[in-house]
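One structure is given here, and the rest of the page talks about it.
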Amino acid sequence: MNEMIKKLQEAYLISPIIDTETLASGNSSQAQLVKTETQHYILRQLMSTDQAKVEYEVARKLVENHISPEILLTRKGEPWIQVGKNVYNLQVFLPNKIYNDQGIDYKHLGRNIGIFHKQISDVNPILGQPDRFNLKKEWAKLQEANMSLPKQVVDLINDAIENQLPVTGFIHGDLGKWNLLFNYSHIHIIDFGEARRGNIHFDIAAI
């Protein structure tokens, strides 16, 4: 981690780093809490520089509406650093207060999701972002593996594939409570590694 700390200090205009801490990992990233003398940040390992571009452009739109933490640019103006073959971005840390279902303001949450869908509609890097969990492709892999499944399950999957929702815009793609931060009176949306074309009702159903 000493090499990473050195790289971060060289790449970003941040205060001296005093400590790091491993955090839970998501579907498309791994995270470290980076503690400096004046502020805390989240260092996230991403899949690629393309994902880093998507995440930065989405966050840049949402920061203006106070529903996403800021992703920092390096001294060179890039929204990522590369260490070996690994790609990372650095975003401002926001404390998260976990609520139970009764404590969530769903009206506020719905408003923020609506803003999210509107704001990312013109984020160009998302245009080519693939769906890593494409049902049709995953089903084809299972069939090739000759897995034995009950007929009822097979019929349900075939029906789901046949009746997939049409594309209506751009979506988060992994919108669960694990990708929300509840910070005082604000609800923030994070982790845009799966943002892509899709039906906005997919996000609503997921949340």
How large is ³J(HN,Hα) for each residue in the range 192-207, as worked out from phi by the Karplus curve 6.51 cos²θ - 1.76 cosθ + 1.60 (θ = phi - 60°), to whole Hz, x for Gly and Pro? 9, x, 9, 4, 6, 5, x, 9, 4, 5, 4, 5, 4, 5, 5, 6
Accessible-area composition of the chain, carbon plus sulfur, in percent [1.4 Å probe]: 52 percent
Three-way shape call for the chain based on the alpha-carbon gyration tensor, with the a/c threshold at 1.5: prolate
Per residue Cα convex hull volume in Å³ - calculated over the range 94-189: 171 Å³
At 222 nm, what helix-only mean residue ellipticity would the chain give, in deg cm²/dmol to the nearest 500, using -39500 (n - 2.57) for each DSSP H run of four or more? -10000 deg cm²/dmol
Are there any helices in the chain, counted as whole DSSP H runs, that stretch 20 Å or more along their axis by Cα and score at least -1.0 on average by Kyte-Doolittle, and if so which? 49-63
Proximal charge balance of ASP203 [Cβ under 12 Å; K/R count +1, D/E count -1]: -1
Given a Förster distance of 25 Å, report the FRET efficiency between LYS76 and ILE18 from their Cβ-Cβ distance, rounded to the nearest 0.05. 0.55
Where GluC sites (Glu not before Pro) fall in DSSP loop in the range 51-93, at most 13 other Cβ within 10 Å: GLU64
Given a 1.4 Å probe, how much area per residue of the chain is accessible, in Å²? 59 Å²
Work through the residues other than PHE133 whose Cβ is under 13 Å from its Cβ and net out their charges, Lys, Arg +1 and Asp, Glu -1. +1
Rounded, prolate or oblate: which fits the range 37-150, taking a ≥ b ≥ c as square roots of the Cα gyration tensor eigenvalues, rounded meaning a/c under 1.5, else prolate when a/b beats b/c? oblate
So what is the relative contact order of the chain, in percent, for Cα pairs below 8 Å that sit 6 or more residues apart? 20 percent
How would the range 29-97 be classified by its alpha-carbon gyration tensor: rounded, prolate or oblate, with rounded meaning a/c under 1.5 and the a/b versus b/c comparison settling the rest? oblate
Quick check: net charge around LYS61, other residues with Cβ under 12 Å of its Cβ, Lys/Arg +1 and Asp/Glu -1? -3
The longest stretch of the chain containing none of the chymotrypsin sites (Phe, Trp or Tyr not before Pro) that sit in a DSSP loop with at most 15 other Cβ atoms within 10 Å is 1-98
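The values are calculated or read from the model by the stated rules, or taken from the named source; none is laboratory data. These numbers come from a predicted model, not from an experiment. Positions of Cβ are backbone-derived with ideal geometry, glycine not excepted, and every protein chain shown enters the neighbour counts. Note: areas computed on protein heavy atoms with side chains; ligands, DNA, RNA excluded. Shrake-Rupley method; radii C 1.70, N 1.55, O 1.52, S 1.80 Å.
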